[in-house]
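J.: Pasting in a structure now, in structure tokens, and then I'll have a few things to ask.
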Amino acid sequence: MRSRLSRSNWIFSGMKTFHELNEAFPSLINEDGSRKPFERFLNDVQKIDETYNRNYLRSEYNYVHASADMAAKWEQFMEDGDRYLLQYRTAHDDRVRPEHAELEGVTLPIDDSFWASYYPPNGWNCRCTVVQVRRGKYLETPHEEAMTRGEAALQRDTRGIFRFNSGQQRKTFPDYNPYTISRCRTCHVAKGETPSDPSNPLSLSRPSIPVNELCAACRMIRDGLEDPAKEGAKGIRADLEQLHDLTGAEFVKKLTKITERREFKPVPELEYVFSTEGERAQDYQNLINGAKKAVDHGYKVFILPNPRELRTGDYILERKGIYKLFDLKTVSGKSSAGNRLLDSKGQANRALLNMNTSYNPRKLAQDIKDYFADNPEAIEVLIFKGKREISIKRDFIDSHFVKYFMKEYGK
């Protein structure tokens, strides 16, 4: 989530810079085409800078912080699933906009479509939020009533810029914002549905993309972010794709070959941790946190890139010459391990649970049993709990497993 939000910030900033420079360059010359004296040019550019980097900047700064905070909240809400209802709340002071006050107290399940359009922030400098409330304590708001109230709250948003959910879309800014055009709402490049790759006939050549400077700038900005280790990532991607067709010794041989690729660089200030993309890797900080624990347990860690449209693991872990592919799942919620384990299916046949919360051992044991039952290819669940490492293999799963696991996990 952090990686995706940061990427959204870069794209928004890039499009803003495009508009700023588009206004600045014509200021180089006078109306008659003659060169403008530097002092006049500087004065004109400073006016542009004042508009973009003072007048607009504070509102954008406030918005991106609010949007990122609400995206983080959404991630937490998703961990709890439908256990709670979500309730819209304003800041409860005299600065609350009357139209936003319309939404105060709207209470709906997390899967109601209302949240796709009216999840805060719902405008520049919006301070509204959403909280979890217990089912039964509050009545659900009828869906149609909630949608009517939402429409009333955003009636001034005639362009529909703020009708999006940063948590669902994993973006701090919607695709259609003050620096883009309405076509961006459905553009496959803006949606990230197809890599913006000149060699891809479904990408830049699609006739549905308008031919103008803004769209060209958009593609250039996204190309710069698309694949930070372009050639290396392509080679590693080919190796990762082949892993799905290999087993046994050939699988391990390929893992070893991947770790020997020159694209892997040591992560600064971390011994025995290597990466191909540095801070641009998806979910980088989360991966680093898991890697630190792996190193504490004696592993050498190779953080894998996450190529678009390719399901693969997050790490290759090596210890005593043995190489294994793991998919990392960080568990922070009270009931999220089961869903996170099931999400590993098709990515790697070994799952690594980094436990960052107290967790009911009986429930975790059942989650692990379900993981092996639903995933015939699964080999191992490795658990990092504090300073402990617990390995559960498929042959551990028998009628005594839950009792065994609860004892082992509680040590």
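J.: For every helix of n ≥ 4 consecutive DSSP H residues, a contribution of -39,500 (n - 2.57) applies; sum these over the chain, divide by its total residues, and give [θ] at 222 nm rounded to the nearest 500 deg cm²/dmol.
T.: -12500 deg cm²/dmol
J.: Summing Lys, Arg as +1 and Asp, Glu as -1, what charge do residues with Cβ under 13 Å from the Cβ of Glu250 carry, Glu250 excluded?
T.: +1
J.: Tell me the angle of helix 284-296 to the major Cα principal axis of the chain, expressed in degrees between 0 and 90 and rounded to the nearest ten.
T.: It works out to around 30 degrees.
J.: Checking the cross-link filter: which aspartates and glutamates have an alpha carbon closer than 18 Å to that of Lys292, excluding same-chain neighbours under 8 positions apart?
T.: Those aspartates and glutamates meeting the cut-off are Glu269, Glu271, Glu277, Glu279, Asp283, Asp314, Glu318, Asp327, Glu389.
J.: Over 29 Å between Cα atoms, which of Lys254/Lys393; Lys254/Lys345; Lys329/Lys411; Lys137/Lys171 qualify?
T.: Lys137/Lys171
J.: Okay, moving on. Rounded to whole Å, give me the distance from the Cα center of the range 339-379 to that of the range 94-152.
T.: 34 Å
J.: Moving on to the next point. Using only the Cα atoms of the range 316-411, build the gyration tensor, take square roots of its eigenvalues as a ≥ b ≥ c, and label the shape rounded, prolate or oblate: rounded if a/c is under 1.5, else prolate if a/b is larger than b/c, else oblate.
T.: Cα axes put the range 316-411 in the rounded bin.
J.: Please list, in order along the range 347-359, the HN-Hα scalar couplings obtained from phi with the Karplus expression 6.51 cos²θ - 1.76 cosθ + 1.60 (θ = phi - 60°), rounded to whole Hz, x for Gly and Pro.
T.: 9, 7, 8, 10, 10, 10, 9, 9, 7, 10, 8, 6, 9
J.: Going by a ≥ b ≥ c, the root eigenvalues of the Cα gyration tensor, does the range 245-306 fall in the rounded group (a/c under 1.5), the prolate group (a/b larger than b/c) or the oblate group?
T.: prolate
J.: For the chain, what relative contact order do you get, as a whole percent, if you take Cα pairs closer than 8 Å and at least 6 residues apart?
T.: Once divided by the residue count of the chain, the mean separation gives 11 percent.
J.: Would you kindly state how much longer the chain becomes between Asn356 and Asp245 on full extension, computed as 0.36 nm times their sequence separation minus their alpha carbon distance, in nm to one decimal?
T.: 36.6 nm
J.: What does the C-alpha gyration tensor say about the overall shape of the chain? Classify as rounded when a/c is under 1.5, otherwise prolate if a/b is larger than b/c, or oblate. Walk me through the intermediate numbers first.
T.: Details: a/c = 2.35, a/b = 1.35, b/c = 1.74.
Oblate shape, in that a/c is at least 1.5 and b/c is the bigger or equal ratio.
J.: Same structure again: Just to confirm my numbers, what's the Cα centroid distance between the range 242-263 and the range 1-73 in Å?
T.: 46 Å
J.: Along Cα→Cβ, 7 Å out, is where each label goes; now give me the distance between the ones at Val131 and Phe41 in nm to one decimal.
T.: According to this spin-label approximation, the distance is 5.6 nm.
J.: For the range 167-175, in order, what is each residue's ³J(HN,Hα) by Karplus, 6.51 cos²θ - 1.76 cosθ + 1.60 with θ = phi - 60°, in whole Hz (x at glycine and Pro)?
T.: x, 5, 8, 6, 9, 6, 10, x, 4
J.: Where does the charge balance sit around Asp296 when Lys and Arg score +1, Asp and Glu -1, over other residues with C-beta under 10 Å from its C-beta? Kindly include the intermediate steps, with their values, before the conclusion.
T.: Working: positive: Lys292, Lys293, Lys387; negative: Glu389.
It works out to a net charge of +2.
J.: Moving to a separate point now. Roughly what angle does helix 213-226 make with the longest principal axis of the chain, taking Cα atoms, 0 to 90 degrees, to the nearest 10?
T.: The two axes meet at around 20 degrees.
J.: Using a 10 angstrom cutoff on alpha carbons, build the Gaussian network for the chain and name the most mobile of Phe384, Phe401, Phe77.
T.: The residue that fluctuates most here is Phe401.
J.: Summing +1 for each Lys or Arg and -1 for each Asp or Glu, what net charge is found among the other residues whose Cβ lies under 11 Å from the Cβ of Ala71?
T.: Residues near Ala71 contribute +3 overall.
J.: Of all the accessible heavy-atom surface of the chain, with the other protein chains kept in place and a 1.4 Å probe, what percent is carbon and sulfur?
T.: Solvent-exposed carbon and sulfur of the chain make up 50 percent of the total.
J.: Among Lys253, Lys16, Lys300, whose mean-square fluctuation peaks in a Gaussian network model of the chain (Cα, cutoff 10 Å)?
T.: Lys253
J.: Same structure, new question: Sequence neighbours fewer than 8 away in the same chain don't count; with that in mind, list the aspartates and glutamates whose C-alpha is under 13 Å from Lys47.
T.: Partners found: Glu20, Glu23, Glu39.
J.: Would you mind checking the tilt of helix 248-259 against the longest principal axis of the Cα atoms of the chain, expressed as 0 to 90 degrees and rounded to 10?
T.: Roughly 40 degrees, rounded to the nearest 10.
J.: Oh, and also: For the chain, report the accessible area per residue in Å² (1.4 Å probe, heavy atoms, rounded to an integer).
T.: On the way: 21980 Å² over 411 residues.
Using a 1.4 Å probe on heavy atoms only, each residue of the chain averages 53 Å².
J.: Same structure again: Please check: in the Gaussian network model of the chain (C-alpha springs, under 10 Å), which one of Ser391, Ser117, Ser67 has the largest mean-square fluctuation.
T.: Ser391
J.: So what are the ³J(HN,Hα) numbers for the range 107-113, from phi and the Karplus equation (6.51, -1.76, 1.60; θ = phi - 60°), rounded to whole Hz, Gly and Pro as x?
T.: 10, 8, x, 5, 8, 6, 5
J.: While we're here: Restrict the search to the range 346-406; then list the GluC sites (Glu not before Pro) that DSSP places in a loop and that have at most 16 other Cβ atoms within 10 Å of their Cβ.
T.: In loop regions of the range 346-406 (DSSP not H, G, I, E or B), the sparsely surrounded GluC sites (Glu not before Pro) are Glu377.
J.: Give me the one-decimal nm value for the distance between modelled label points at Ala216 and Asn289, 7 Å along each residue's Cα-to-Cβ direction.
T.: Placing both labels 7 Å beyond Cα along the Cβ direction yields 4.4 nm.
The values are calculated or read from the model by the stated rules, or taken from the named source; none is laboratory data. Keep in mind it's a predicted model, so treat the numbers as computed, not measured. FYI the Cβ positions are ideal-geometry reconstructions off the backbone, even for glycines, and counts take in every protein chain you see. Each accessible area value is taken on the protein alone, full model and side chains, heavy atoms only, with ligands, DNA and RNA left out. Shrake-Rupley method; radii C 1.70, N 1.55, O 1.52, S 1.80 Å.
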